[in-house]
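The values are calculated or read from the model by the stated rules, or taken from the named source; none is laboratory data. Remember, it's a predicted structure, so these values are computed and weren't measured experimentally. Note that each Cβ is placed from the backbone with ideal geometry, even for glycine, and that neighbours are counted across all protein chains shown. Just so you know, the surface numbers come from the protein's heavy atoms only, side chains and all, with ligands and any DNA or RNA stripped out. Shrake-Rupley method; radii C 1.70, N 1.55, O 1.52, S 1.80 Å.
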Amino acid sequence: IRFWSNIPFITVPLSRAHGKSFAHRSELKHAKRIVVKLGSAVVTRGDECGLALGRLASIVEQVSMLQNQGREMMIVTSGAVAFGKQRLRHEILLSQSVRQALHSGQSQLKDVAIPVLEARACAAAGQSGLMALYEAMFTQYSICAAQILVTNLDFHDEQKRRNLNGTLHELLRMNIVPIINTNDAVVPPPEPNSDLQGVNVGKVFVKDNDSLAARLAVEMKTDLLIVLSDVEGLFDSPPGSDDAKLIDIFYPGDQQSVTFGTKSRVGMGGMEAKVKAALWALQGGTSVVIANGTHPKISGHVITDIVEGKKVGTFFSEVKPAGPTVEQQGEMARAGGRTLAALQPEQRAEIIYHLADLLTDQREEILLANKKDLEEAENKGRLALPLLKRLSLSTSKLNSLAIGLRQIAASSKDSVGRIIRRTRIAKDLDLEQVTVPIGVLLVIFESRPDCLPQVSALAIASGNGLLLKGGKEAAHSNQILHHLAQEALSIHGVKDAVQLVNTREEVEDLCRLDKLIDLIIPRGSSQLVRDIQKAAKGIPVMGHSEGICHVYVDTDASVEKVTRIIRDSKCEYPAACNALETLLIHRDLLRTPLFDQIIDMLRVEQVKIHAGPKFASYLTFSPSEVKSLRTEYGDLECCIEVVDSVQEAVEHIHKYGSSHTDVIITENEKTAEFFLQHVDSACVFWNASTRFSDGYRFGLGAEVGISTSRIHARGPVGIEGLLTTKWLLRGDNHVVSDFSEHGTMKYLHESLPLPQRNTN
C-alpha cells in the first residue's frame, strides 16, 4: 500500500522507479507506463458531428505498436458526445422525415429543423458506439481493449478509488488497453474555478478529460502523459498571433511568460486547463508532452515520435538546462552574425588572425583535451581506425590549421559587400548586386575537431552566424576550440556569432529548425550526410553523401606518374572523402609491366584489392569480387575494374561515381581533354592526385566541405560558397508608371564598371 495525501491506494512495481519525472526528452524512450489523452478536437470531425476515423485508426495503430513493445498503454478519450450527436441527429432526421411523409402523403422531404441536443443525452447515445469502434480497431492488432467510465465520486470515495486502481492494474497485467472516459451521461455541469491550480492533490475535481488524464497518470504512477490537441503544443502567446513561438520545453514557474487564448472549438478544456493539468501531473512524478494530434503530416507518427524522444510538441520538465536552449542559441547566432557582417573587413580578418595565433599559443591545452577524447574513444572501443585518425590532433595539424586560417583572413577582406554587378536602369536609377552572408549555418561534424576552427574562420570571414554540432567522441577538443573561437570573437564584441550546441539535441531535431537555420553543412560519414538530407525539413543541405573517387589509367599513361599518383590518392590519407576508391585500368594494360607495378605497389602499401566484374573475368585466381561498384571504403581498400576506352571510363564514372573527384592519368592531351570536358563531377583532374580536391590546397584557406550539388556551390566550398547576394536600388522619386507606354522615362539597362577589387 502507498499513501498519497493520506489516502492509500494499491501500487504495482514498475521497471522504472517512480516519483521523479524524466529530465530530458531522450529519456522518454524508457517510459514503461503511458497515458495518451485524446482531446475532442483530435477525435471529432471538423463539423463536430461524428468521429475522425482516419486519425483514430492511426492513433490506435501507434498505441498498439507501443503496447506490443511491452509497454503499458492507457487511453483517456473524448468523442462520446460527438458520436452520440451524429447518431441522434440521424435518428431525429429519420423520425421527422417519416412523420412528414405520412402527414403529407408524399415522399418528398422538406428542410427539417434539428433541435439543440443535450450533451448528456448525446454521451449516453454515443458511449457504446465509441467503444465498439475502439474494440474493432484494436482487434486488428490482436489487442483487447476495455472501457472504464468515471466521475468525480470515483476519486473522492476512498473505496471507489481503490477499486478503480485495482481494476486498472489488473487490466494492464493482462495486457489489455483501458479506454477511460468521464461518464458524461451523468456528470454534473462543471463548477467554476474547480481546476487543478492550487488544489490539494487528494481533492482535485475531474472537470474535463485533461484533469482526468492528469489524475489517472498520478494515481497509476505513470511514466509519461501524452496530451493530444489541435495545436502543435504550448506557445508563448495565442497560436496564430504575431510572433507566437512554440515552447519546446516548459518549466514550472513559466506560466507568467505565457498568454493563453480561447479554448478549443470543441471540448471543455482550453490550453490553460491543459497546462495546469500537465504541471499537476509533473508535480506527481509524471512526464508530460502536449502535441498536435490532428496535423495530417505528423499525426500518423506523433505518439511514437514522442516516445522516441523526438522534438515534438511541448515537453514539461522540472530540470532547467545550465545553458541556453538550441533555439536561443540560434537566435544569438543570428543576431551575432548580423553584427559580425556589419564589421569592417579588417576587423573580421583581425578576429581570424587572432584565432590562428591562439591555435599555436594554446597548443598544449588543445592537445591535452584531444588526448582525453582519444583515450575515452579507445577505452570504449566504439570508433573504427579511420575515425580515430580523424579524431586525432597533432602539432603539425594545428600548425597547418593556423596557416589555413591566415589564408582565410588574407582573402576575406573583399568578400562581404563586394559589388558583382552594376546596372543603370534609367537616369538617376542605379542597381547593384552585392554579396551578403547566407545567414545562420548549422555545421554537423563527427570525429574531426579540426573542422571547428576551420568552419568558424570561414563563417567569420563571410559574416555568417554559426551553430556547431560536434560528435560526443570529440567533446573535450570541441569545447576548448570553441572557447578559443569565442575568445577571438570577443575582441570586437561578437562572441555570440559562433555557438556550440551542447544540449542533448538529436541531429534530426536540429534539422527541423527551419526558422532559425538557413543552411546545413554535414561533415562526416556518408550515412550521416544521407540521414541529414532525409531529415532536413525545408532547409537546404550542402555537401556530398559519398566520396567515390576514380582514377583512370589510360594506355598512354606515364609509367613514372602512375604509381606515384595512385599511391598518393589511395594511401596518403585513405579515410578522406577525396581518397581513391575505384581504379579504372584500360584493358590493353593488363599483363603489362605497368600493370604489375601498380599491383606490387598496392601490395607493398597493404591495400586490399577487390575485383570488379570485368577485371575478375580476366583472372584465373582473382581477389575477392566487389559487392558493389558504389563502395566508399575509407580505408586501405580499393576496387580495380577494367574498361575498353576513355569513353567507357567516363560512362562507368557517371554510373557508379558520386560526382566528387575523378582523375585521368595519360600523356595524350586529346584524351585528357575529352575526359576533363565529359566527366560531370565537381572536380576533374589530369595527371594529379585526387587528394588535391581540398579547400586549403585550392588556396581557399580551408573549406566547410566539398559539395557535389549542382546549385550554388560545387567542389571545395570556401568563403565564396557561404555568400549569397542581394540587390540595392538607388533612385530619386522613381515610379513604374513613368516607364509605361505614355510615360516620361525610358529604361536604359546600361552595364556600369565595377569598383576595383582589393587584391592585396
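Here are a few things to note about the model shown:
- Some residue of region 460-470 being free of Cβ contacts under 8 Å to residues at least 40 places away in the same chain and open to solvent by 40 Å² or more (accessible area, probe 1.4 Å): no
- Which numbered condition Ile298 fails, given (1) at pLDDT below 85; (2) in contact with a Phe, Trp or Tyr (Cβ under 9 Å, 6 or more places away or on another chain): (2)
- In region 238-252, the residues that are closer than 15 Å to Met271 by Cα and assigned to a loop (DSSP other than H, G, I, E, B) reach residues that are among the hydroxyl-bearing types (Ser, Thr, Tyr) and open to solvent by 80 Å² or more (accessible area, probe 1.4 Å) with C-beta atoms within less than 8 angstrom, at least six apart or across chains, in these pairs: Pro238/Thr259; Pro238/Thr262.
- Beta carbons closer than 7 Å, at least 6 apart along the sequence or on distinct chains, pair a first residue in region 531-545 that is on the phi > 0 side of the Ramachandran plot with a second that is β-branched (Val, Ile, Thr) and open to solvent by less than 20 Å² (accessible area, probe 1.4 Å) for Gly543/Ile521; Gly543/Val529.
- The condition (being outside any strand (DSSP E or B), more than 30 Å from Ala349 (Cα to Cα), at pLDDT 95 or above and open to solvent by less than 10 Å² (accessible area, probe 1.4 Å)) is satisfied by just one residue among Ile653, Ile664: Ile653.
- Residues of region 228-241 satisfying the condition of being of a type in the set (Gly, Ala, Ser) and at pLDDT 85 or above: Ser229, Gly233
- Close pairs (6 angstrom Cβ cut-off, 6 or more residues apart or separate chains): under 19 Å from Leu56 (Cα atoms) in region 140-154, of a type in the set (Phe, Trp, Tyr) and modelled with pLDDT of 95 or more anywhere: Ala145/Phe138
- Within region 124-143, being over 14 Å from Asp184 (Cα atoms), open to solvent by 70 Å² or more (accessible area, probe 1.4 Å) and not β-branched (Val, Ile, Thr) holds for Glu135, Gln140, Tyr141, Ser142.
- Tally, over region 5-30, of residues that are under 29 Å from Gln159 (Cα atoms) and at pLDDT 85 or above: 1
- Applying the condition of being in contact with a Pro (Cβ under 9 Å, 6 or more places away or on another chain) and assigned to a loop (DSSP other than H, G, I, E, B) to region 447-470 and asking which residue is farthest from Cys511 (Cα to Cα) yields Gly463.
- Odd one out for Asn370 among (1) in the same structural domain as Pro453 (by the TED database); (2) of a type outside the set (Lys, Arg); (3) assigned to a loop (DSSP other than H, G, I, E, B): (3)
- Taking region 23-52 as the range and being without any contact (Cβ under 8 Å) to a residue 24 or more places away in the chain and over 17 Å from Asn292 (Cβ atoms) as the test, only Asp47 passes.
- Leu393 meets all of the listed conditions (1) open to solvent by 10 Å² or more (accessible area, probe 1.4 Å); (2) part of a helix (DSSP H, G or I) but one, namely (2).
- Screening region 481-496 for residues that are within 16 Å of Gly323 (Cα to Cα) and either among the charged types (D, E, K, R) or buried (at least 24 other Cβ atoms within 10 Å of the Cβ) (or both) and picking the one that is nearest to the chain's Cα centre (by Cα) gives Asp496.
- Selection from region 515-544 of residues that are small (Gly, Ala, Ser) and either in contact with a Gly (Cβ under 9 Å, 6 or more places away or on another chain) or open to solvent by 70 Å² or more (accessible area, probe 1.4 Å) (or both): Gly524, Ser525, Ser526, Gly538, Gly543
Conditions tested, residue by residue: (1) over 25 Å from Ile599 (Cα atoms); (2) crowded, with 23+ Cβ neighbours inside 10 Å.
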| position | (1), (2) |
| --- | --- |
| Ala649 | no, yes |
| Glu669 | yes, no |
| Ala672 | no, no |
| Val684 | no, no |
| Phe698 | yes, no |
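- The listed residue being at negative phi, open to solvent by less than 20 Å² (accessible area, probe 1.4 Å) and not in a loop (DSSP other than H, G, I, E, B), out of Leu168, Leu149: Leu168
- Scanning region 300-316 for residues that are of a type in the set (Ser, Thr, Tyr) and either buried (at least 21 other Cβ atoms within 10 Å of the Cβ) or under 15 Å from the mean Cα position of the chain (by Cα) (or both) yields a single hit, Thr314.
- Against the numbered list (1) open to solvent by 60 Å² or more (accessible area, probe 1.4 Å); (2) under 37 Å from the mean Cα position of the chain (by Cα); (3) polar (S, T, N, Q), Gln606 comes up short only at (2).
- Inside region 433-444, residues that are over 30 Å from Lys469 (Cβ atoms) and open to solvent by 30 Å² or more (accessible area, probe 1.4 Å) make up a count of 0.
- Residues located in region 242-279, provided they are more than 24 Å from Gly79 (Cβ to Cβ), of a type in the set (D, E, K, R) and modelled with pLDDT of 80 or more: Lys245, Asp248
- Any hit, region 424-433, residues being of a type in the set (Val, Ile, Thr), touching a residue at least 40 places away in the same chain (Cβ under 8 Å), assigned to a strand (DSSP E or B) and not assigned by the TED database to the domain that holds Asp373: yes
- So Glu346, is it of a type outside the set (Gly, Ala, Ser), closer than 30 Å to Ala291 by Cα and not assigned by the TED database to the domain that holds Leu282: no
- Residues located in region 369-389, provided they are within 14 Å of Ala474 (Cβ to Cβ) and open to solvent by 30 Å² or more (accessible area, probe 1.4 Å): Lys371, Lys372, Leu374, Glu375, Glu376, Glu378, Lys380, Arg382, Leu383, Leu387, Leu388, Lys389
- Residue that is within 34 Å of the chain's Cα centre (by Cα), among the aromatic types (Phe, Trp, Tyr) and under 19 Å from Ile598 (Cβ atoms), where the choices are Tyr656, Tyr633: Tyr633
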